[in-house]
Number of protein chains: 2
Amino acid sequence: MKIGVVGGGQLGRMLGLAGLPLGFQFRFLEPSADCPAARLGEVIRAPYHDMDGLERFAQDLSFATYEFENVPAETAQWLSERLTLAPTARALSIAQDRIAEKTTFRDLGIPVQNFAGISSAGEIEAAVLKVPLPAVLKTRRLGYDGKGQRVLRVGSTDAASTVRTAWNELGKVPCILESFVAFSAEVSMIAVRARNPGHGASIAFYPLTQNEHRDGILWKSQAPAPCDQSGELAESARAHVRTLMESLDYVGVIAVEFFVTDAGLVANEMAPRVHNSGHWTTDGAVTSQFENHLRAVGTMPLGSTECHGASVMINLVGRSPIASRILEIPRAKLHLYGKGPRPGRKLGHVTLTGPTAHSLAAPTAELERLVAWDL
Amino acid sequence: MKIGVVGGGQLGRMLGLAGLPLGFQFRFLEPSADCPAARLGEVIRAPYHDMDGLERFAQDLSFATYEFENVPAETAQWLSERLTLAPTARALSIAQDRIAEKTTFRDLGIPVQNFAGISSAGEIEAAVLKVPLPAVLKTRRLGYDGKGQRVLRVGSTDAASTVRTAWNELGKVPCILESFVAFSAEVSMIAVRARNPGHGASIAFYPLTQNEHRDGILWKSQAPAPCDQSGELAESARAHVRTLMESLDYVGVIAVEFFVTDAGLVANEMAPRVHNSGHWTTDGAVTSQFENHLRAVGTMPLGSTECHGASVMINLVGRSPIASRILEIPRAKLHLYGKGPRPGRKLGHVTLTGPTAHSLAAPTAELERLVAWDL
C-alpha cells in the first residue's frame, strides 16, 4: 500500500522508517531538495499549493496524511475530495487556528484558559477586559517552537498599550490573547484512533509524557510523566483526548499538550500528527507513534502501546552531536534526521529506555552534559 | 559515514533501516534489480566479482561489510586491500568452507561432531571409517537453508555405497561427511565484537536463542532459549563464541549455531553476519543485531544487548501474509522484505515481545495458526 505524506521532514522520515517493514511504500510532497524523508520514498518536489505537483502526488494514491500542520487548507481540501486524507481536513483546520482550537476544546468541556481574538487594533480594549495581564499574545496561525508569540507581564504602561505594542511587533496579523497559565509542568498525551472496517473505531493511548522546553523548543520528554505519580493526570488527559477524537471522528495520531496547574490540566494545543514529544515511543513502546499513525491511516489494526518501562528523550538542536560520544552512554539510542547543522534547527534526538525512571537518572544526566544546543 | 554492503537482500535492508537513524549512509553491491535494500541506499548493480562494479562500489568508502557469506573470496580480498572490511576476509573464508569451519572450532576446543572431507570418490572409504552412519553429507561450500545436504541413515546397502550415491546426487563436489548428532534442541548465540580506537575490544552477547527448522528453513526462534532454564548452555555458548571471536580478532556480529545434546553443546556452523535467528532483536532488545553490527563495523561503541523480556520470531516463507490479520495479534510486529511471493522464499518475519515467555504463549499459538508456508 502506498501512502502519500505531505511534507518530507524528519517526521516523514520516521514514518518511512516505521512503515517500510509493514509493507507500506511512500510518496512525499515536499518543496525542498534533499529533504530528510527523501531516502524513504518517492518525492514529488513541488510547493504545497502547486496544482501540478498535487496532481502528481495524488495519482493512484488511496491514502494520504501530513507531517506538519501548516498544510494549506485548500491543499487538504483538494486531497480530501480525491482520496482518504487522515487526519481529516477539518482536524487540520482546527489545529491551524488557535481560536478554533481553543473554542473546540472549550465547547467539548476540555479546560482552557481565558482567551480572546484580536484581528484589528479596535479589538484590543475588549480583549484586555476579558483577558487581563499577565497573558500571552500569539499569532492565530503558523506559530511553532515558541515562534510568533510574546509573553506580556503587568507593567508600568496600561494593558492595552502593552498588547498593542506586542501586536504591532507580531506584524498586526490575527492573534489570540491567552491568560498566562501558572503551571507546574507541561505534559502531552499522544493517542491514536483508527476506524477499521467491521471493527468500529479503536483508540489507544501512550503514557502521559512530561515535557521541558528551552527557548520555546522541546528539550526533554519523560514518560511516564514524573509529575503524575498517582496517574490522575493521565486519566484526565485520556478522557479529554477521547472526547476530542470522538467528536472529530479522528483517524491517526494526535498530540494534545496540557499545562499542569493546581486546578488540574489546562489544554494548550493539539497537533494532528505524530509529535516530537512522542519520539521516545520508537524505542520505548511496543508500537511507535509512527507505526500506529500509519496503521490508522491505512485502516490496519492498531498496535500495542505498552511500554518497556520508562523513557527519556532529549532533542539535538543546531549543532551536530558527536555520535560516538552519545553512543557510549548505556542504552542511548540515536536518531539523526540527515540534516546539516543550523542554529535552532532540530537535527535529531536521543532516547533512553530502562526498566524504571530511576534507572535512567544517571544516563540522562550524562546525556544532558553532552548535548549542547546552538540556537 | 557511508558503509558499503555486499549484497542487497533483506539483511541489507534491515541494516539500512537500523543505520539511517545513526547517520550512516549505504551503498549496496547487488546484481539483481529491485533488491529489498534498494530503498535504503545507493545500489551498484553488478555481479559480485565484476571489477568495474567493485571499483564503483569501493570508491570513497572507508568501511564495508557483507550480508551473506557466499561473497567470492577474491572480492573480499580485493576489498580488504582497499578499505576496512568487517568481518575480515579470513572470517568469511572460514565460514565459506565447512571443513575449515569445523577445523577452526575443533582447534579452539569448541566441541564438534566427527567429520571427514570427501573431495573424490577415492576418499569415501576412509571417510566412512572415520564417520560411521548415521551421518550427514553436505557440500563444503554454498549450502544454505538445508540445501546441498543429505541425511544418511544406516540401511541395507553398505555405508560407502550410501555415501557414494549421495555424493553423486550432490554433483560430486567437495563435501563434508559429519556424524549425525542426536540433539534435543538447536540454539544459536548472536554476539558482536568491536575494536574501538583507544578502548580495546569489546564484546556483547544476546541471550541464547532456540531455533526450530522446517524443511531446513528457520521456522521459529525463541529468546531466551526455553531449553536453557539454568543458563548453563548460554554460559557455555558465550565462552565458545568469545574464544572464536578473539582468535579471529573478529569485528561485527557473528552467529554460531549449536546442537544441544546430552553431553552439552556441539557447534554446527557459524555465520559471519547478522542472522535470521537474531531478527527478534529489532523489537526485543535495546540495540538490534543490525545496529550493533554497524556500530562495530563503523568503530562506534556497542549498544546494550539487554532485552525487553522474552521474544518469539516466526518466518514468513513463500506466501505473502495478510498483514491486517497478523497485526490483529496483540504485540505482533511485522517485518516484510519487499519481495514478491515465491515458493521457499523468505518474505518477512513476525516478532512477538512480552515481559515473560509465558505471556507470549497465546499470541504465538495464534500466529502459528495464521502463518502458512509455501515451499
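Observations on the structure shown:
- When the criteria are applied in full, A:Val163 fails the requirement of being open to solvent by 40 Å² or more (accessible area, probe 1.4 Å), in contact with a strand residue (DSSP E or B) (Cβ under 9 Å, 6 or more places away or on another chain) and closer than 21 Å to A:Asp97 by Cα.
- Taking (1) within 11 Å of chain A (Cβ to nearest Cβ); (2) within 30 Å of A:Ala323 (Cα to Cα); (3) of a type outside the set (Val, Ile, Thr) in turn, B:Ala296 satisfies each apart from (1).
- Test: B:Gly318 is away from chain A (no Cβ under 14 Å) and modelled with pLDDT under 95: no
- Test result for A:Ser161, at pLDDT 95 or above and of a type in the set (Ser, Thr, Tyr): no
- In region B:31-50, the qualifying residues are those that are closer than 20 Å to B:Ala73 by Cα and either within 12 Å of another protein chain (Cβ to nearest Cβ) or without any contact (Cβ under 8 Å) to a residue 24 or more places away in the chain (or both), and the one that is most open to solvent (accessible area, probe 1.4 Å) is B:Arg45.
- Qualifying position, being under 19 Å from B:Ile217 (Cβ atoms), open to solvent by less than 10 Å² (accessible area, probe 1.4 Å) and touching a Lys or Arg at 6+ places or on another chain (Cβ under 8 Å), among B:Gly318, B:Gly278: B:Gly318
- Every condition in (1) assigned to a loop (DSSP other than H, G, I, E, B); (2) modelled with pLDDT under 95 holds for A:Arg39 except the one numbered (1).
- Options A:Ala225, A:Ala239, A:Ala296: the member that is at pLDDT 95 or above and under 23 Å from A:Arg98 (Cβ atoms): A:Ala239
- Filtering region A:169-183 for residues that are assigned to a strand (DSSP E or B), touching a residue at least 24 places away in the same chain (Cβ under 8 Å) and open to solvent by 40 Å² or more (accessible area, probe 1.4 Å) leaves an empty set.
- Criterion violated by A:Pro321 - all others in (1) within 30 Å of A:Cys227 (Cβ to Cβ); (2) under 21 Å from the mean Cα position of the chain (by Cα) satisfied: (2)
- Residue in region B:143-154 that is under 30 Å from B:Gly298 (Cβ atoms) and either within 22 Å of the chain's Cα centre (by Cα) or open to solvent by less than 20 Å² (accessible area, probe 1.4 Å) (or both) present: yes
- Some residue of region B:263-277 being part of a strand (DSSP E or B), of a type outside the set (A, V, I, L, M, F, W, C) and within 14 Å of chain A (Cβ to nearest Cβ): no
- Of residues in region B:58-85 being among the β-branched types (Val, Ile, Thr) and closer than 17 Å to B:Tyr250 by Cα, the one farthest from the chain's Cα centre (by Cα): B:Thr84
- Residue check: B:Val71 meets all listed conditions (1) in a loop (DSSP other than H, G, I, E, B); (2) open to solvent by less than 20 Å² (accessible area, probe 1.4 Å); (3) within 14 Å of chain A (Cβ to nearest Cβ) but one, namely (3).
- Residue list for region A:129-142, filter: in contact (Cβ under 8 Å) with a residue 12 or more places away in the chain and open to solvent by 80 Å² or more (accessible area, probe 1.4 Å): A:Lys130, A:Arg141, A:Leu142
- Region A:52-68, residues that are open to solvent by 10 Å² or more (accessible area, probe 1.4 Å), under 22 Å from A:Gln96 (Cα atoms) and modelled with pLDDT of 95 or more: A:Phe63, A:Glu67
- Number of residues in region A:346-363 that are more than 10 Å from chain B (Cβ to nearest Cβ) and among the small types (Gly, Ala, Ser) equals 4.
- Selected residue (criterion: farthest from the other protein chains (Cβ to nearest Cβ)) from residues of region B:332-345 that are outside any strand (DSSP E or B) and open to solvent by less than 40 Å² (accessible area, probe 1.4 Å): B:Gly344
- Applying a threshold of 9 Å to beta carbon distances and a minimum spacing of six or more residues, or different chains, the list of pairs starting in region A:206-222 at a residue that is over 15 Å from A:Thr351 (Cα atoms) and among the hydroxyl-bearing types (Ser, Thr, Tyr) and ending at one that is in a strand (DSSP E or B) and open to solvent by less than 30 Å² (accessible area, probe 1.4 Å) reads A:Tyr206/A:Met189; A:Tyr206/A:Ile190; A:Tyr206/A:Ala191; A:Tyr206/A:Val192; A:Tyr206/A:Ala223; A:Tyr206/A:Ala285.
- B:Glu257 vs. criteria more than 13 Å from chain A (Cβ to nearest Cβ), closer than 21 Å to B:Trp373 by Cβ and touching a residue at least 60 places away in the same chain (Cβ under 8 Å): yes
- Filter result for B:Leu294 (part of a helix (DSSP H, G or I), assigned by TED's automatic domain parsing to the domain that holds B:His213 and of a type outside the set (Ser, Thr, Tyr)): yes
- Residue within region B:301-308 that is more than 11 Å from chain A (Cβ to nearest Cβ), part of a loop (DSSP other than H, G, I, E, B) and open to solvent by less than 30 Å² (accessible area, probe 1.4 Å) present: no
- Complete set of residues in region B:298-315 that are hydrophobic (A, V, I, L, M, F, W, C) and either closer than 19 Å to B:Gly354 by Cβ or within 17 Å of the chain's Cα centre (by Cα) (or both): B:Cys307, B:Ala310, B:Val312, B:Met313, B:Ile314
- Some residue of region A:9-20 being more than 14 Å from every other protein chain (Cβ to nearest Cβ), in contact with a strand residue (DSSP E or B) (Cβ under 6 Å, 6 or more places away or on another chain) and modelled with pLDDT of 95 or more: no
- The conditions of being open to solvent by 40 Å² or more (accessible area, probe 1.4 Å) and either within 30 Å of A:Pro321 (Cβ to Cβ) or more than 23 Å from the chain's Cα centre (by Cα) (or both) are not met by B:Thr88.
- Boolean, A:Thr162 is of a type in the set (S, T, N, Q) and assigned to a helix (DSSP H, G or I): yes
- Only one of the numbered conditions (1) on the phi < 0 side of the Ramachandran plot; (2) away from chain A (no Cβ under 14 Å) is not met by B:Asp60, and that is (1).
- Within region B:278-291, considering residues that are of a type outside the set (S, T, N, Q) and in a helix (DSSP H, G or I), the one farthest from the other protein chains (Cβ to nearest Cβ): B:Gly278
- The single condition from (1) at pLDDT 95 or above; (2) more than 16 Å from B:Ala37 (Cα to Cα); (3) within 10 Å of chain B (Cβ to nearest Cβ) that A:Met1 fails is (1).
The values are calculated or read from the model by the stated rules, or taken from the named source; none is laboratory data. The structure presented is a predicted model; accordingly, all values stated were derived computationally and were not measured. Cβ: placed from backbone, ideal geometry, glycine included. Neighbour counts: every protein chain shown. Accessible surface is based on the protein model in full, side chains and every heavy atom, while ligands, DNA and RNA are left aside. Shrake-Rupley method; radii C 1.70, N 1.55, O 1.52, S 1.80 Å.
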